[in-house]
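The values are calculated or read from the model by the stated rules, or taken from the named source; none is laboratory data. Given the structure is predicted, the values throughout are model-derived calculations rather than measurements. Here the Cβ positions follow ideal geometry from the backbone for every residue, glycine too, while neighbour counts run over all protein chains shown.
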């Protein structure tokens, strides 16, 4: 009994390899642009997180103000200036383009002082975000003084009357923040 043993195929044919490479190339070409656009999404998410930090700091200091009204609140070493009428953090108009103590205290209390810059309507320079009187605009430090900073920022407008809350608004879209 002489049986012949057929040998199994040892690998892929050249055409199979080419087809796989072409399919991988098509997938890479469609996926790569999506990964390159993530910086705008990340920056916008960062601004939304900063917005949440400001809102939370405002709510916390407002609660403290309701319990023990004071002109300032000490939040982990940061002095936050309060508005007596609304009971929320306020900002005092800065002069000479520098952030005054009330802005610096609010930024530090919200945990934003290391990664963001605040600008008031008195700020001067190029590529600064627009700032309404009585408000501040907050820009991530990695885009300050760039054209992106004009389109991608956060505004904080303090509450000035009883039964009102600060207006904290993210300006820009993922495309604006790239």
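Which one of these does residue 87 not meet: (1) more than 18 Å from residue 46 (Cα to Cα); (2) in a loop (DSSP other than H, G, I, E, B); (3) within 23 Å of the chain's Cα centre (by Cα)?
The number of the failed condition is (3).
Among the listed residues 125, 105, identify the single one that is surrounded by 17 or more Cβ atoms within 10 Å (Cβ to Cβ), outside any strand (DSSP E or B) and without any contact (Cβ under 8 Å) to a residue 40 or more places away in the chain.
Unique residue meeting the criteria: 105.
For region 49-69, does any single residue satisfy the condition of being free of Cβ contacts under 8 Å to residues at least 40 places away in the same chain, closer than 27 Å to residue 178 by Cβ, within 13 Å of the chain's Cα centre (by Cα) and part of a strand (DSSP E or B)?
No, because not a single residue in region 49-69 is free of Cβ contacts under 8 Å to residues at least 40 places away in the same chain, closer than 27 Å to residue 178 by Cβ, within 13 Å of the chain's Cα centre (by Cα) and part of a strand (DSSP E or B).
Residue check, residue 111 against (1) surrounded by 14 or more Cβ atoms within 10 Å (Cβ to Cβ); (2) within 20 Å of the chain's Cα centre (by Cα); (3) more than 28 Å from residue 63 (Cβ to Cβ); (4) in contact (Cβ under 8 Å) with a residue 24 or more places away in the chain, all met but one. Which one?
Failing condition for residue 111: (3).
May I ask you to list pairs of residues, at least six apart or on different chains, whose Cβ atoms are under 8 Å apart, with the first in region 23-39 being assigned to a helix (DSSP H, G or I) and the second being at pLDDT 85 or above and surrounded by 10 or more Cβ atoms within 10 Å (Cβ to Cβ)?
Taking only residues 6 or more apart or on different chains, the pairs are 39/177; 39/178.
So which of 158, 166 ends up being buried (at least 21 other Cβ atoms within 10 Å of the Cβ), under 21 Å from residue 52 (Cα atoms) and at pLDDT 95 or above?
On the way: 158 fails: at pLDDT 95 or above.
Step by step, each of 158, 166 is checked, and only 166 is buried (at least 21 other Cβ atoms within 10 Å of the Cβ), under 21 Å from residue 52 (Cα atoms) and at pLDDT 95 or above.
Take the residues in region 78-102 that are over 15 Å from residue 158 (Cα atoms) and at pLDDT 90 or above; name whichever of them is surrounded by the fewest Cβ atoms within 10 Å (Cβ to Cβ).
Among those that are over 15 Å from residue 158 (Cα atoms) and at pLDDT 90 or above, it is 79.
So residue 130 passes all but one of these: (1) surrounded by 14 or more Cβ atoms within 10 Å (Cβ to Cβ); (2) in contact with a strand residue (DSSP E or B) (Cβ under 8 Å, 6 or more places away or on another chain); (3) in a loop (DSSP other than H, G, I, E, B). Which condition number does it fail?
(1)
Do the conditions hold for residue 74, that is, is it surrounded by fewer than 16 Cβ atoms within 10 Å (Cβ to Cβ), closer than 20 Å to residue 58 by Cβ and either at pLDDT below 90 or over 22 Å from the mean Cα position of the chain (by Cα) (or both)? Break it down into steps so the answer makes sense when it comes.
Numbers: surrounded by fewer than 16 Cβ atoms within 10 Å (Cβ to Cβ): yes; closer than 20 Å to residue 58 by Cβ: yes; either at pLDDT below 90 or over 22 Å from the mean Cα position of the chain (by Cα) (or both): yes.
So residue 74 fits the description; yes.
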